[in-house]
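The values are calculated or read from the model by the stated rules, or taken from the named source; none is laboratory data. Please read all numbers here as calculations on a predicted model, not as lab measurements. Neighbour counts run over all protein chains shown; Cβ positions are idealised from the backbone, glycine included. Ligands, DNA and RNA are stripped out before the accessible areas are found, and what is left, the full protein with its side chains, is counted by its heavy atoms. Shrake-Rupley method; radii C 1.70, N 1.55, O 1.52, S 1.80 Å.
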Amino acid sequence: MNLHRILFLITLIVLECSGFSWAADPASQKNLDRPPKVLGLNDAIFFGLTHHPKIFMFRHQVQKAKAAVQIANAHFLPNVGAGAMFGAGEPGVGNRVFNNAYAYSGFLPVTYGVLGPYGHNANLSMAQTAMASLGVTQLLYDFGKYEHLTRSRKELTKASVDNLLTRDAWVILQVKEAYYHVILDRKLIEVYQKNLEQRQMVRDLTRSLYRANYKSRLDYDLAVVDLEKAKALLVNEQNDLESQIARLNEAMGLGKKSRKNYRLKDKAPENFVPVPLEELISTGVQKRPELLSTTHRYHAGVEKTASEKAKHYPYISAFGNYGYLGNMVTGQSYSPGLWTGGAMINVPIYTGGMIRGMVARAREATLTSQYHEQDWRIRIRLQVTQAYDRVRADAADIVAYTKAVKEAKLALLLANKKYEANLISIVQLTLAEVYLLDAEASLALAEYHMGVDQAALRFTTGIDYPEYVTMTGQVRDSQVKTSLDSRIPQ
């Protein structure tokens, strides 16, 4: 028997040590397919940030935006290409100089007298020629068209990073809510199980007293109703626990490899340190990634509008070309080789209003982002205010229910003394125990609301995600604390 206890204790120690070492190195979670059975809150958060598929979707959106910046930057670099051509055609009518010799002069200083009937086949009366060349073009000046386009896409890249941070913050919030809800359900199952036992005892005692004509049938029927309610509460809470564990698995990005049960190490926060509301609102406006994303989209729209306006102006570029021109019949080639070079200017004269339409579209998109930004400022103020008020109400509820639990314990102690002195019946003593269980359930529910509402407050003020991810969207190796954490506890 002692050997079994020793083995059991060793197993528990190994589990605890393995859980602690896993939590100490969140970066190692990237190589794990499943979270451990002994699960801390930060363990769950880091696992969700490294495994949730929606986060990977937004990370690829960031890479897509960076590729768009690369495309825009490419317009400032030389464009080099190679080409080849082979064909056959009539060399000219009567070998006239105008048709055969000097039609190419200026770029191709070839005379028909030098090459003879160029590629001419006496039998086929056809010319067979081949050409291969290497060309390069370089933008010289475009009145800021591609410069503004590059700036616009850089702002869109920043907006994509902010969207990724928004998803990170959302995963953190969902993991916290599910984690705290599992804690609540287990606490309530424990309370409701005791409540069921007490209700069964009350039912049995009331039935005995009813049969002895000390209680009415109404008292017995009410005791039966209370018992059935207790059974329903327990069954519903057990089902809700399974549902919340599934929700926790989903929040961590788990599918088929999800677990049906976890041993949770942490609990919901109980204390709240007040912070001025306006300070929280100001923090939310500065740090909420949703608002930052709309701001970057507004600046992107301003640059895009400038880029579209620049299409009204000329596009100036330089070009050069060097290649080979040869006779496929005689094998004769032009040496040292054909070459061209110069400058090119493209001027839009009439586009049917297309450029004006593109400018108008970019301008309206900019105004949309501007009002979207204003809407987010109003929305953040409302969200922070609501979360702040809920946390303050939760703090008051915890104080009240803590006192209620304390009073219920004193009442139960008094009921025990009275029962020992035959001053009250066993039914009254059992009801005193039921009142204590109800107060404990209310306190557990208030503590859950405190945890969830504090998580919501941290989410609305935008101070949660910087603890777990960098501003570029990379998951940190360990949690860091923000400057507001000393005043808004975990």
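Restricting ARG247, ARG203, ARG207 to those that are touching a helix residue (DSSP H, G or I) at 6+ places or on another chain (Cβ under 9 Å) and farther than 14 Å from THR430 by Cβ reduces the list to ARG247.
Looking at segment 446-462, can you tell me whether even one residue there is modelled with pLDDT of 90 or more, surrounded by 14 or more Cβ atoms within 10 Å (Cβ to Cβ) and part of a loop (DSSP other than H, G, I, E, B)? Within segment 446-462, one or more residues are modelled with pLDDT of 90 or more, surrounded by 14 or more Cβ atoms within 10 Å (Cβ to Cβ) and part of a loop (DSSP other than H, G, I, E, B). Of all residue pairs spaced 6 or more apart or on separate chains, those with beta-carbon atoms under 6 Å, a first member in segment 262-274 that is open to solvent by less than 70 Å² (accessible area, probe 1.4 Å) and part of a loop (DSSP other than H, G, I, E, B) and a second member that is modelled with pLDDT under 85 and of a type in the set (Lys, Arg) are VAL273/ARG487. Only one entry of ILE45, ILE13 meets the criterion of being among the aliphatic types (A, V, I, L, M), under 26 Å from the mean Cα position of the chain (by Cα) and either modelled with pLDDT of 50 or more or exposed (fewer than 14 other Cβ atoms within 10 Å of the Cβ) (or both), and that entry is ILE45.
The residue of segment 60-76 that is surrounded by the most Cβ atoms within 10 Å (Cβ to Cβ), among those that are in contact (Cβ under 8 Å) with a residue 40 or more places away in the chain and over 12 Å from LYS154 (Cα atoms), is GLN61.
If the condition is being part of a loop (DSSP other than H, G, I, E, B) and open to solvent by less than 50 Å² (accessible area, probe 1.4 Å), then segment 415-442 contributes ILE424, SER425.
Here is a check on your reading of the model: is ASN249 farther than 28 Å from PHE459 by Cβ, surrounded by 15 or more Cβ atoms within 10 Å (Cβ to Cβ) and of a type outside the set (Val, Ile, Thr)? Can you show your working first?
On the way: farther than 28 Å from PHE459 by Cβ: no; surrounded by 15 or more Cβ atoms within 10 Å (Cβ to Cβ): yes; of a type outside the set (Val, Ile, Thr): yes.
So ASN249 fails the test.
Out of ASN321, ASN346, I need the residue that is crowded, with 17+ Cβ neighbours inside 10 Å, over 22 Å from the mean Cα position of the chain (by Cα) and closer than 29 Å to ASN79 by Cα. Which one? Outline the logic, then answer.
Numbers: ASN346 fails: crowded, with 17+ Cβ neighbours inside 10 Å.
After applying the criteria, what remains is ASN321.
Every condition in (1) farther than 26 Å from THR460 by Cα; (2) without any contact (Cβ under 8 Å) to a residue 12 or more places away in the chain holds for GLU278 except the one numbered (1).
When you look at ASP162, is it more than 18 Å from GLN479 (Cβ to Cβ) and free of Cβ contacts under 8 Å to residues at least 60 places away in the same chain, yes or no? If you could, list the steps in order and put the result at the bottom.
Working: more than 18 Å from GLN479 (Cβ to Cβ): yes; free of Cβ contacts under 8 Å to residues at least 60 places away in the same chain: no.
Answer is no for this residue.
What's the total number of residues in segment 471-482 that are surrounded by fewer than 17 Cβ atoms within 10 Å (Cβ to Cβ) and under 13 Å from the mean Cα position of the chain (by Cα)? Looking only at that region, the number is 3.
How many residues does segment 178-207 contain that are free of Cβ contacts under 8 Å to residues at least 40 places away in the same chain and either crowded, with 18+ Cβ neighbours inside 10 Å or not in a helix (DSSP H, G or I) (or both)?
The initial filter retains those residues of segment 178-207 that are free of Cβ contacts under 8 Å to residues at least 40 places away in the same chain, namely 190, 196-197, 200, 203-204, 207.
Adding the requirement that they be either crowded, with 18+ Cβ neighbours inside 10 Å or not in a helix (DSSP H, G or I) (or both) leaves 196, 203.
Within segment 178-207, residues that are free of Cβ contacts under 8 Å to residues at least 40 places away in the same chain and either crowded, with 18+ Cβ neighbours inside 10 Å or not in a helix (DSSP H, G or I) (or both) number 2.
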